[in-house]
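Worksheet for the structure shown next.
The values are calculated or read from the model by the stated rules, or taken from the named source; none is laboratory data. Values in this document were obtained by computation on a predicted structure and should not be read as measured data. Note that each Cβ is placed from the backbone with ideal geometry, even for glycine, and that neighbours are counted across all protein chains shown. To get the accessible areas, we keep the full protein, side chains included, count just its heavy atoms, and leave off ligands, DNA and RNA. Shrake-Rupley method; radii C 1.70, N 1.55, O 1.52, S 1.80 Å.
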Amino acid sequence: MTPFLRSWLAFFHKWIGYPAGLVLFILFFSGTLASFSAGLQQWMEPQTALNNAPLTEKGIEQAEKLFAQSLQDYPNSFLRLPTRDDPVIRIWHFDGHNFLGPALNPTTGAVIPTRNHVGGLFFVTLHSDIRLPAFYGALIGLFAFIGLVIASITGLWMHWKLFFSDLLLFRPQAPDKRKLLDLHLLIGCVIFPVLMVIGFSGACLDLHQLGLIGHHHSKKEAPALTYQSLPPLSPIIAKGQEEWHNLEGSFFLDTPEGLHFIRGDESQFCSSRPFISTEGKHSSSPSQPCTFHALLHGVHKIRWAHGALRWCIALIGLIGATLTGSGLIFFYKAELHKQGKNQSPPGLSCRFYKALNDGTIMGLPFATLGLLGISRLPAPPFMEVYQWENLAFFSLWGGCYLLSFIAGTARSFLPYLLMIAGFGLLPLDIFTRPFFSPGSVTCLIIDGCAILAGLAAFSSLNLRKGRNA
Amino acid sequence: MIWLFLICWSLWAITRLSLTAPKERTPSLLARIPRPLALWGQGLTLFIPFLALILDGSIHDLFLWLYSGPVIIVTVVLVRAYGPALPMSQQPPRGS
């Protein structure tokens, strides 16, 4: 490779990789959280964790009544049947960013007293559109994928000569900069095929969202007639059970063609969403081939996955976040080095990069832990709970950027905040929830993950102290 | 299946590590793996799960194999890196 080509590759890797890396870190981290959205929902609403609550006729009847009322207020409401991770009936409506509505006990039909939390689906929408209007969210996701492809190809090209010989090279005794580069290269090489699968499927879904590929349904109009009473749902559910054998996550949705019972993505790989209408019409024969869009949906969202696969997906997200995070830090260190070690104070651009890095790498986990904590505390009376949680999350996250910028290149205090939030979640959980409740294991796993985040922040502080000593 | 993938990916990473260029400290066990065995191990640990996937025909397991690979490999590398090791001077020659 000629020095000229190498310098150009490095230039593209650095300057396309950095902005893309900032977005990709958010996407990877939120993707990890999104894969456990039901668990996070249970953490926020521990009363919805039920044991042995099968779906009964009574439960469906009660849900039917509430669903009819909800349709009058919100025509885009839907009634979702229980899933293995979220064993309650949900009557949700989507306000553009949040899924809101009551949760019902599937056996008794009683409304479970919950507050209107943003829930675990907050992280799903954060991942899919970064909480922006869907069009802009999809556009940013698409650009991030293009950035990922360019950064991956240029990075692999530069590393190609040593790709096989140094594939798993990681030297923990090496200086920090070398160690960081080793980690970046190790993860970048090992995760590349998986990144391409996830990234490509995500980008295609974004293209579909932007209307550039695939078939688009016309925008749904509000039904002419409001539902005073719904047709009985039990026979349709029985028909769905007979036909699909697994109703996990299946839902009723009011479409321009009438009320449809749609098979949930949790029960099938190819999310082609077959439906049964209230008139007994079927969407298609069971042997209908999987469409490209449904296949991508299944590959990217992986709602059908459970157990070990779900954990692997979550860990892949974390590894991806480590890849982009190490790249961001490396970029900052290179810029700082370029400006000269003795320059005091460092240039404004370095402050800016440091603030962006710290606010993204530490601010986002901190805001996430903050959101979980806030969901268990009382909300101010003048605001809806979900509005308060949204405001708190983005204030905490935005505050991290701002405070980090003010602190400049001096020692950041964000690791301290992250450490406090990480270690503080378990006591908060214990004090605000009956310890032996059905969802205890899920909540304790989340507490354990928070403690790990706290330990990571603690070790980063120790590393820094060791370096300064 | 997860156990098969766990074992195969771990062995793949271990055999790969034993073939890594001697730029770093290596635990003596890895350095003692004969080179031909490591090369065979590389192939077999990819072929066996592949065969199992064809026989099983499950999409769930295909994704499990694909996604568990990076997770297990990175874990093995980090465990090796921060685990106990002999100093370079005391290590036997590679492939002996």
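Structure notes:
- Considering each residue of the range A:87-103 in turn, at least one proves to be part of a loop (DSSP other than H, G, I, E, B) and closer than 13 Å to residue A:249 by Cα.
- The range A:47-104 - residue that is without any contact (Cβ under 8 Å) to a residue 60 or more places away in the chain, among the hydrophobic types (A, V, I, L, M, F, W, C) and under 18 Å from residue A:439 (Cβ atoms) and, of those, surrounded by the fewest Cβ atoms within 10 Å (Cβ to Cβ): A:53
- Every condition in (1) more than 17 Å from residue B:74 (Cβ to Cβ); (2) open to solvent by 40 Å² or more (accessible area, probe 1.4 Å); (3) not hydrophobic (A, V, I, L, M, F, W, C) holds for residue A:171 except the one numbered (1).
- Looking across the range B:53-75 at every residue that is modelled with pLDDT of 90 or more and among the small types (Gly, Ala, Ser), the one that is farthest from residue A:313 (Cα to Cα) is identified as B:69.
- Taken together, A:180, A:142, A:148, A:167 contain a single residue that is part of a helix (DSSP H, G or I) and within 14 Å of chain B (Cβ to nearest Cβ), which is A:180.
- Residue check for residue A:425: surrounded by 21 or more Cβ atoms within 10 Å (Cβ to Cβ) and either within 18 Å of residue A:39 (Cα to Cα) or of a type in the set (Asp, Glu) (or both): yes
- Exclusive hit being away from chain A (no Cβ under 13 Å), out of contact with any Phe, Trp or Tyr (no Cβ under 7 Å at 6 or more places or on another chain), assigned to a helix (DSSP H, G or I) and modelled with pLDDT under 90, set B:89, B:96: B:89
- Residue within the range A:108-122 that is assigned to a helix (DSSP H, G or I) and not basic (Lys, Arg) present: yes
- Considering residues of the range A:1-35 that are among the hydroxyl-bearing types (Ser, Thr, Tyr) and out of contact with any Phe, Trp or Tyr (no Cβ under 6 Å at 6 or more places or on another chain) only, the residue surrounded by the fewest Cβ atoms within 10 Å (Cβ to Cβ): A:2
- Summed over the range A:36-46, residues that are open to solvent by 20 Å² or more (accessible area, probe 1.4 Å) and over 15 Å from residue A:112 (Cα atoms) total 3.
- Filtered residue count, the range A:318-332, keeping only those that are open to solvent by less than 10 Å² (accessible area, probe 1.4 Å) and at the interface with chain B (Cβ under 10 Å from one of its Cβ atoms): 1
- Pair list, Cβ under 6 Å, 6 or more apart: the range B:20-46 residue under 20 Å from residue B:82 (Cα atoms) and more than 14 Å from every other protein chain (Cβ to nearest Cβ), other residue at pLDDT below 85 and open to solvent by 80 Å² or more (accessible area, probe 1.4 Å): B:31/B:94
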